[in-house]
Amino acid sequence: MGILARQVLLGGIEIDGKLIPSGTQVGTSSYAIHHNEEYFPNAFTYSPECWIVDPETGVSEEDVEQAHSAFCAFSLGSKGCIGKGLAYAELTVTLARVLFLFYLREAEGELIGGGKPELGFGRKRKNEYQIQDRFVGARDGPIIEFKARVVFAYWTVLFNKNPFMTVLNRTAIR
Ligand code: HEM
């Protein structure tokens, strides 16, 4: 699983008792951190209650604090995600709207995306959606052309509302 790499600066750095020379790329995958049993004892089990203090489920304040201290989906420190607050707002509103408007259930039939024995080491858990490392994608295109719809073009010519569209229409007349 990929890492958010950082380059060691001049003078090197000591990590976990080992001296790492300058220029080395270092990092830890967030998948590994989020599956470290010291912080997340049941990392492979879907248990949202582990984030909520509740004597009935046995989740203590210390458990929740420990989990929060290692949670790094948005990275941490000075290079952490600047859009975190906006992302939470968008996710919360979207989720609330979806739950308000729809009933949800797991689709019937064969599960897709889960682990299987034939997928090899670390990919055998049936109930874990398999993650592919695609943090950043690069590609050429798409190249898109825009043309005003007929009704809209008439509207812009008649009322001269949109300068951009007016330029387009003048060009077409020439
Ligand atoms: C669920 C949604 C999101 C996740 C999981 C996420 C995750 C991350 C992570 C892990 C980093 C650190 C990258 C690194 O250290 O190399 C990052 C950086 C960044 N994110 Fe997000 N992000 C999310 C949404 C957003 C949104 C909505 C915005 C903007 C509106 C945004 C803008 C940025 C920017 C500008 C950086 C670079 C910050 C810097 O280098 O100083 N992100 N994000």
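Please specify each residue of the stretch 53-74 satisfying the condition of being under 23 Å from residue 84 (Cα atoms), free of Cβ contacts under 8 Å to residues at least 40 places away in the same chain and in a loop (DSSP other than H, G, I, E, B).
71, 74
Among the residues of the stretch 76-90, is there at least one that is assigned to a helix (DSSP H, G or I), among the aliphatic types (A, V, I, L, M) and within 21 Å of residue 134 (Cα to Cα)?
yes
Residues that are away from the ligand (no atom under 16 Å from the Cβ) and in contact with an Asp or Glu (Cβ under 7 Å, 6 or more places away or on another chain): does the stretch 82-100 have at least one?
Among the residues of the stretch 82-100, not one is away from the ligand (no atom under 16 Å from the Cβ) and in contact with an Asp or Glu (Cβ under 7 Å, 6 or more places away or on another chain), which makes the answer no.
So which residues in the stretch 108-132 are surrounded by fewer than 10 Cβ atoms within 10 Å (Cβ to Cβ) and either within 16 Å of the ligand (Cβ to nearest atom) or assigned to a loop (DSSP other than H, G, I, E, B) (or both)?
108, 109, 110, 112, 113, 120, 121, 126, 132
Every residue in the stretch 36-52 that is part of a loop (DSSP other than H, G, I, E, B) and not aliphatic (A, V, I, L, M), please.
36, 37, 38, 39, 40, 41, 42, 44, 45, 46, 47
Where the second residue is among the hydrophobic types (A, V, I, L, M, F, W, C) and surrounded by 10 or more Cβ atoms within 10 Å (Cβ to Cβ) and the first is part of a loop (DSSP other than H, G, I, E, B) and lies in the stretch 94-107, which pairs have Cβ atoms under 9 Å and are six or more apart or on separate chains?
104/98
Keeping to the stretch 10-35, report how many residues are assigned to a loop (DSSP other than H, G, I, E, B) and within 16 Å of the ligand (Cβ to nearest atom).
3
FYI, it's all coordinate maths here, none of it is from the lab. Only a predicted model underlies this, so the values are computations on that prediction, with no experimental measurement involved. Here Cβ is always computed from backbone atoms with ideal geometry, including for glycine, and neighbour counts include all displayed protein chains.
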